[in-house]
Amino acid sequence: MERGLVALLASAGLALAALAGSASAADRATATPAEATPEQLASAETDRIGHRDFDARQRMSATHPNELWRLYGTDAAGRGQWQDASRFFRRAARYADKYSQHRLSLMYWHGLGVPHDRALAYAWADLAAERSYPQFVVLREKMWQELDEGERQRALRQGVAIFDEYADEVAKPRMERQVARARSRITGSPAGLTTGNLLVFASRGGSSLFDPSDSLDLRPMYADWRLDTRRYWAVEDAVWQSGGNVEVGTLEKIMSSQRP
């Protein structure tokens, strides 16, 4: 059960897969150039995505724009295409994706794909820490200590406009509307959701559409908790707040709670 649940979370494109890379990036964010290159400091191990894994995650993320644009951002970063990565992460950030907001803060800090701007980097880091996820709070505080007084004042001013467009107060409803549309397409009703008997498979592009060994099971994509944003946010919070050490039983309780 534990292995299956972790695999489901990872394949669904949730933040769990990025925790290790994110934490190490936060620890390295203000390292000196002699210790590592800017590319290394702004990268995560999870940026390197194989073709089959990318294809699976892309299909799994079709109902969640935060996951889909985050996936495109990490893939672009892994290829060293930093301008594309910044554009994709910004799109994901519009849907309340804290990991993408965190990655933008690192890119501004190191000047990758965007102008080098430590004040703007802090503003994005402050936004990423909005839910008090420990890794992102640590990064934000490290950045603040590095800023001079002029940069601090500018960071606070620039942060107002960023929060106006990307903070949870406006970004979560934006995300929830997209999930509601996806739920309506799947069930034919904005409120109704029945996935118990749903069997959905997609070919990976092999020699036969009917070869089960070359098929991707898309049923986790339609799991009830993923299409119920209250439970979806609760699972994401549990994973990030725990630093990736959340008990599987706890996640199962969250995913089965707050049913309509």
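The values are calculated or read from the model by the stated rules, or taken from the named source; none is laboratory data. Predicted, not measured: the structure shown is a model, and the values here were computed from it. Reconstructed Cβ throughout: ideal geometry from the backbone, glycine too, with neighbour counts over all protein chains shown. Ligands, DNA and RNA are stripped out before the accessible areas are found, and what is left, the full protein with its side chains, is counted by its heavy atoms. Shrake-Rupley method; radii C 1.70, N 1.55, O 1.52, S 1.80 Å.
Of all residues in region 128-137, those satisfying the criterion of being small (Gly, Ala, Ser) and either within 14 Å of the chain's Cα centre (by Cα) or crowded, with 21+ Cβ neighbours inside 10 Å (or both) are Ala128, Ala129. Would a scan of region 166-179 turn up a residue that is at pLDDT 55 or above, open to solvent by 60 Å² or more (accessible area, probe 1.4 Å) and over 24 Å from Asp126 (Cα atoms)? Scanning region 166-179, I find at least one residue that is at pLDDT 55 or above, open to solvent by 60 Å² or more (accessible area, probe 1.4 Å) and over 24 Å from Asp126 (Cα atoms), so the answer is yes. Considering only residues in region 21-45 that are crowded, with 20+ Cβ neighbours inside 10 Å and hydroxyl-bearing (Ser, Thr, Tyr), the one that is modelled with the highest pLDDT turns out to be Ser43. For region 106-127, the candidate set comprises residues that are free of Cβ contacts under 8 Å to residues at least 60 places away in the same chain and open to solvent by less than 10 Å² (accessible area, probe 1.4 Å); within that set, the residue that is farthest from Glu39 (Cα to Cα) is Leu127. Scanning region 229-260 for residues that are modelled with pLDDT of 60 or more, in a loop (DSSP other than H, G, I, E, B) and either at positive phi or buried (at least 21 other Cβ atoms within 10 Å of the Cβ) (or both) yields one hit, Gly243.
Looking across region 69-105 at every residue that is farther than 23 Å from Leu227 by Cα and assigned to a loop (DSSP other than H, G, I, E, B), the one that is most open to solvent (accessible area, probe 1.4 Å) is identified as Arg79.
Here's a check for you: in region 46-68, which residue that is aliphatic (A, V, I, L, M) and at pLDDT below 85 is surrounded by the most Cβ atoms within 10 Å (Cβ to Cβ)? Residue satisfying both the conditions and the ranking: Met60. Would you confirm whether any residue within region 129-139 is in a helix (DSSP H, G or I), of a type outside the set (Val, Ile, Thr) and without any contact (Cβ under 8 Å) to a residue 40 or more places away in the chain? Checking region 129-139: not a single residue is in a helix (DSSP H, G or I), of a type outside the set (Val, Ile, Thr) and without any contact (Cβ under 8 Å) to a residue 40 or more places away in the chain. Taken over region 149-169, the criterion of being in contact with a Lys or Arg (Cβ under 9 Å, 6 or more places away or on another chain) and either outside any helix (DSSP H, G or I) or under 30 Å from Asp224 (Cβ atoms) (or both) is satisfied by Tyr166, Asp168. Listed by first and then second residue, the pairs linking a residue in region 141-154 that is within 13 Å of Ala125 (Cα to Cα) and open to solvent by 50 Å² or more (accessible area, probe 1.4 Å) to a residue that is modelled with pLDDT under 95 and not hydroxyl-bearing (Ser, Thr, Tyr), with Cβ atoms under 8 Å apart and 6 or more places separating them unless they lie on different chains, are Lys142/Ala26; Lys142/Ala29.
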